[in-house]
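Peer 1: Before anything else, here's the structure in question.
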Amino acid sequence: MPNILNSKEKSPTISAKRHEVLYREDIKTAFGYSLVGIAAMLDALTGFYEEQLKNTVESKTTEFKQLIQENIAFSQRTQQALVAIALGIFCLLLIAYF
C-alpha cells in the first residue's frame, strides 16, 4: 500500500511505488519534463520526415496524380468507344428493321 504523507508545504498524492511519496509539485515537474520530451520527439520526427521521407512522399504523390490522370483519360476513351459501338449496333438494327 502506498504511503500518504501530510505536509503543509506540499499537497501529498499516492505514489505508484511502495514506500515512495510523490507530491503534486513533483508530478508537475515530471509532467513538464514529459512535455519537453514529447517536444523533442516531435522535433526528431519532423526532422526525420523532412530529411528522409519528404522527397519520397512528394514524388509518390506526383506519380499517383499522373496515374490517376492516365486512368481517367483511359476510362473516357473506353466510354467513347462503348458509345460508338452502341450507336453502330443501333444503326445496324435500324437498317435491318427497315
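Every number here is computed from the coordinates shown, using simple stated rules; none is lab data. Being a predicted model, the structure only gives us computed values, none of them experimental.
Peer 1: In sequence order, what are the phi-derived ³J(HN,Hα) couplings for the range 68-78 according to the Karplus relation 6.51 cos²θ - 1.76 cosθ + 1.60 with θ = phi - 60°, rounded to whole Hz, with x for glycine and proline?
Peer 2: So the J values, rounded to whole Hz, are 5, 5, 5, 5, 5, 4, 5, 5, 5, 5, 5.
Peer 1: Let me ask another. Multiply the residue separation of Cys91 and Ser34 by 0.36 nm, subtract the distance between their alpha-carbon atoms, and state the gained length in nm to one decimal.
Peer 2: 12.9 nm
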